[in-house]
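Heads up, the thing below is written out as structure tokens.
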């Protein structure tokens, strides 16, 4: 069995030793089942938000006891590096951002491979699924999200892959080298990552998405045309305005294949699914913590309606001081920054979270960025586009009340900083709509 040490100000009231068979984790891994333990700071979630928060707390509070409850059995690794690992541009070890000894050096306890089952905010206690009870003074919820379930008739016939965890990436890399065909289902960044991976390994691939194309109405016809041109160049077959309805078994004449609503039959050895991420908010709801459409509701300091309970990363629906509304944002940079801000607020350094969310990808010869708010579900949006089709350069700006609130950028990454400043500064650009349509217009001139 493995011994889990308790750090400063952490104490065990009663401990029952149990075999630690199957447990991974080292350094601060748990191997004894504790009936009751107390920590100053408890963080549920061992990803970038939770780990950053713990390290930020330690920077400002050298004596406190800190615990991370991590559902995965690994120390922190980079989800954004998983595509590079799948493409063998880096080795597996390079995906990891922390070693077990890093937690020990910072005197941060970690329970690897453990999950919280229930929360009692009145008693400030967490019940782990292994039966242990953890008491806290302050709590951070940073559980992240999980891929939405994909349901289709004949699902048992297909080898379906997601791109969320290190184990997902291991499975993709293991099987992609022998695959002869693949189908990708989805219409966002994860779908693009799958397309890039299959293309890199020279696996013939088809894309199935319900909308008119990747990113839906965030692009106009010209934008979709640029993407289709890239797909054609890299031999990606398109099945847009379509969706899977069944997976069909191989027979004497045909291999395994996906049947779509438009009666297409697409052969596959692998199916990559990127249809979005869900948040498990039942844990928070059951404790009386307020939740919204996309996450746990917080104020600008990332604190929930329960004093001393914070949320950060994919699970948080935070009050955005720039857009003056609650938003959710599921990307790595956002999670890192929120982890830092949550840590500061937990140690009493009141700091509002302020950031323009953005995500970028290099895929099939294109550098694509989304920044700020996209138009889906937002009222009063006007879209303005400019394009250089010869060089595949494109921008589509989303305006609300004459201010840019978001944009899609293709092969013009240099414009990302200035667009961010225009959004944050709430600069009125209504008088310059005609100029925004011209490729030679310098956006910096709008800053005054």
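Every read-out reported here was derived from the displayed coordinates using simple, explicitly stated rules and does not represent laboratory data. Worth saying up front: this structure is predicted, and the values here are computed from it rather than measured. Positions of Cβ are generated from backbone atoms using ideal geometry, with glycine treated the same way; all protein chains shown enter the neighbour counts.
Things to note:
- Largest GNM mean-square fluctuation across 235, 201, 153, computed for the chain with C-alpha springs under 10 Å, falls on 153.
- Crossing angle, helix 221-233 versus the chain [Cα axis fit, 0-90 degrees, rounded to tens]: 90
- Cβ-Cβ FRET estimate between residue 228 and residue 347, R0 fixed at 56 Å, reported to 0.05: 0.65
- Computed extension length for residue 252-residue 360: 34.5 nm, one decimal, from 0.36 nm per residue of separation with the Cα-Cα distance subtracted.
- Inter-label distance, residue 93 to residue 440: 5.4 nm, where each label sits 7 Å from its Cα along the C-beta direction.
- Within a Gaussian network of the chain (alpha carbon springs, distance under 10 Å), most fluctuating of 300, 156, 72: 156
- Inter-label distance, nm, simple model (7 Å from Cα along the C-beta direction), residue 148/residue 243: 0.9
- Between residue 235 and residue 210, the C-beta separation translates, for a Förster distance of 22 Å, into a calculated FRET efficiency of about 0.45.
- The long axis of helix 189-200 is offset from the longest Cα principal axis of the chain by roughly 70 degrees.
- Extending 7 Å from Cα along the Cβ direction at residue 367 and again at residue 155 yields two label points whose distance is 4.0 nm.
- Multiplying the residue separation of residue 123 and residue 324 by 0.36 nm and removing their Cα-Cα distance gives an extension gain of 69.0 nm.
- Highest mean packing comes first when the peptides 313-319, 431-437 are listed by Cβ atoms within 10 Å, giving 313-319, 431-437.
- The listed peptides 160-170, 338-348, ordered by packing as a protection proxy, come out as 338-348, 160-170 (highest mean of other Cβ atoms within 10 Å first).
- Gyration tensor verdict on segment 318-448 (Cα atoms; rounded if a/c is under 1.5, prolate if a/b is larger than b/c, oblate otherwise): prolate
- Averaging Cα coordinates gives a centre for segment 305-373 and one for segment 423-443; these two points are 26 Å apart.
- Burial order of peptide ranges 50-56, 79-85, 123-129 (average beta-carbon count within 10 Å, highest first): 50-56, 79-85, 123-129
- The angle between the Cα long axis of helix 332-346 and the main principal axis of the chain comes to about 30°, on a 0 to 90 degree scale.
- Computed lengthening from residue 265 to residue 290, 0.36 nm per intervening residue step minus Cα-Cα distance: 4.5 nm
- Cα gyration tensor category, rounded, prolate or oblate, for segment 78-166 with a/c compared to 1.5: oblate
- Entry note, the chain: relative contact order of 13 percent, from Cα contacts under 8 Å with a spacing of 6+ residues.
- Beta bridge orientation in the chain: antiparallel %, DSSP, nearest 5: 60
- Cα gyration tensor, the chain - rounded (a/c under 1.5), prolate or oblate: oblate
- As a proxy for reagent exposure, ranking 222, 185 by other Cβ atoms within 10 Å from fewest up yields 222, 185.
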